[in-house]
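Student: Before I ask anything, let me first share the structure, which is written out below as structure tokens.
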């Protein structure tokens, strides 16, 4: 009977971890939106210069840029909400299909790629070392959160299976 108690304690611990990191995934999605809005408003002139087209007015270019951001980052936040809410639900004891786990793994791959790209210098533009370090810290934390979520989900499923077999 003691072995089951230990397994149940591990299961509860990993379920709590799933709830916490699920919330973290959602928070990092919200942070991404805030970061993009701030960057876009502060750097609009340089963004406009890089997107400038003789056929589009400044307003049309802004609309195209906002549309592209909405598609890209709207998809990102939708996936992060799905993954985070699914992790929270599984942490509360509801069984979830493994689709959210696959989506989390894809987000993890993109987060790692984004972290690497944020370190590499872009063209001839200057980015302060402090900005680079802060970006890497935030992106690395996002990656760690996603990784911990994936590992906790695997542990929860294994522990549930072991408890069902024993009991």
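Student: Could you tell me whether any residue of segment 117-128 is at negative phi, surrounded by 14 or more Cβ atoms within 10 Å (Cβ to Cβ) and either in a helix (DSSP H, G or I) or in contact with a strand residue (DSSP E or B) (Cβ under 9 Å, 6 or more places away or on another chain) (or both)?
Tutor: Filtering segment 117-128 for residues at negative phi gives 117-122, 124-128.
Restricting the remaining residues to those that are surrounded by 14 or more Cβ atoms within 10 Å (Cβ to Cβ) gives 118.
Restricting the remaining residues to those that are either in a helix (DSSP H, G or I) or in contact with a strand residue (DSSP E or B) (Cβ under 9 Å, 6 or more places away or on another chain) (or both) gives 118.
For segment 117-128, residues at negative phi, surrounded by 14 or more Cβ atoms within 10 Å (Cβ to Cβ) and either in a helix (DSSP H, G or I) or in contact with a strand residue (DSSP E or B) (Cβ under 9 Å, 6 or more places away or on another chain) (or both): present.
Student: Related question: Among the residues of segment 8-29, are any surrounded by fewer than 17 Cβ atoms within 10 Å (Cβ to Cβ), modelled with pLDDT under 90 and out of contact with any strand residue (DSSP E or B) (no Cβ under 9 Å at 6 or more places or on another chain)?
Tutor: no
Student: Would you point out the residue of segment 54-69, among those that are loosely packed, with under 10 Cβ neighbours inside 10 Å and part of a loop (DSSP other than H, G, I, E, B), that is modelled with the lowest pLDDT?
Tutor: So the residue we want is 54.
Student: Next up: Which condition number does residue 32 fail, the rest of (1) free of Cβ contacts under 8 Å to residues at least 40 places away in the same chain; (2) surrounded by 10 or more Cβ atoms within 10 Å (Cβ to Cβ); (3) closer than 22 Å to residue 135 by Cβ being met?
Tutor: Residue 32 satisfies all of (1) free of Cβ contacts under 8 Å to residues at least 40 places away in the same chain; (2) surrounded by 10 or more Cβ atoms within 10 Å (Cβ to Cβ); (3) closer than 22 Å to residue 135 by Cβ except (1).
Student: Right, residue 75: exposed (fewer than 12 other Cβ atoms within 10 Å of the Cβ) and more than 17 Å from the chain's Cα centre (by Cα) or not?
Tutor: Spelling it out, it is not the case that residue 75 is exposed (fewer than 12 other Cβ atoms within 10 Å of the Cβ) and more than 17 Å from the chain's Cα centre (by Cα).
Student: Take segment 34-49 and flag every residue that is modelled with pLDDT under 85 and within 18 Å of the chain's Cα centre (by Cα).
Tutor: Those that are modelled with pLDDT under 85 and within 18 Å of the chain's Cα centre (by Cα): 35, 36, 37.
Student: A follow-up question, please. Among the numbered conditions (1) within 30 Å of residue 161 (Cα to Cα); (2) touching a helix residue (DSSP H, G or I) at 6+ places or on another chain (Cβ under 6 Å); (3) part of a helix (DSSP H, G or I), tell me where residue 85 comes up short.
Tutor: (2)
The values are calculated or read from the model by the stated rules, or taken from the named source; none is laboratory data. Fair warning: this is a prediction, and the values are worked out from it, not measured in the lab. When we count neighbours, we look across all protein chains shown, and the Cβ atoms used for this are built from the backbone with ideal geometry, even at glycine.
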